[in-house]
Amino acid sequence: MMKVAVVLADGCEEVEALTPIDVFRRLGIQADMVGLTSKDVMGAHQIPLQCEKVVDDSLLDYDCVIFPGGMGGAHALRDNDRLMDLMKQRQAAGKWNAAMCAAPIAFARYGLLDNHDYTCFPGIDEETKQVAPTGHFKETITVVDHDGHLITSRGPATAMAYAFQIAEVLGVDTKELQHQMLYDYLKKNI
């Protein structure tokens, strides 16, 4: 069975954390909320989130590990050496990793962006370019780098596009769910 993990730290952007969980669970795919250091996480807008587990070696077994943004959460993810080691192992094994908004700063520190395409929240690219100067910043809503097994996105309003993009990269047909959630309608009318 396919499974994804969303890694949450205090200060994470709630909409970016929960949208992928919601989309994957609607698709019938195991989607676990994984706390960085605790099962109890406080979001950036003071929404408490309850995770099923805490970061451990099982992250190596997921089809995709997803990082939401939010400056506080992104900095906590960036600064965690244990998580960095696990994510480097995942990339070396050819596993998919995804980050959005401010969270690509963690991928920059980990070396995951080196020589790969990515996007992030406007202004965050200044930091990622300093830390990962060989990365290739793009301004599109979502960016998929097949060689690096990376999926990135811009910010809160792009969370739905990001979630569907991750599912599609993993080989899941999202057309029916996009219609059920009116996402196809939104794409046609904006």
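Checking Gln50, Gln46 one by one, the residue that is open to solvent by 30 Å² or more (accessible area, probe 1.4 Å), free of Cβ contacts under 8 Å to residues at least 24 places away in the same chain and touching a strand residue (DSSP E or B) at 6+ places or on another chain (Cβ under 7 Å) is Gln50 and no other. All conditions but one from (1) in contact (Cβ under 8 Å) with a residue 60 or more places away in the chain; (2) over 28 Å from Glu168 (Cα atoms); (3) touching a strand residue (DSSP E or B) at 6+ places or on another chain (Cβ under 9 Å) apply to Ala76; the one that does not is (3). Scanning the range 1-36 for residues that are open to solvent by 50 Å² or more (accessible area, probe 1.4 Å), in contact (Cβ under 8 Å) with a residue 40 or more places away in the chain and closer than 17 Å to Leu59 by Cα yields a total of 2.
Condition first: open to solvent by 30 Å² or more (accessible area, probe 1.4 Å) and over 23 Å from Met2 (Cβ atoms). Now tell me which residues in the range 85-115 satisfy that. Passing the criteria: Asp85, Arg109, Asp114, Asn115. Listed by position, the helices (runs of 4 or more DSSP H) enclosed by the range 118-190 that each have at least 2 residues that are of a type in the set (D, E, K, R) and open to solvent by 90 Å² or more (accessible area, probe 1.4 Å) are 124-131, 175-180, 183-189.
The values are calculated or read from the model by the stated rules, or taken from the named source; none is laboratory data. Remember, predicted model here, so these are calculated numbers, not experimental data. FYI the Cβ positions are ideal-geometry reconstructions off the backbone, even for glycines, and counts take in every protein chain you see. Ligands, DNA and RNA are excluded from the accessible area calculation, which covers all protein heavy atoms including side chains. Shrake-Rupley method; radii C 1.70, N 1.55, O 1.52, S 1.80 Å.
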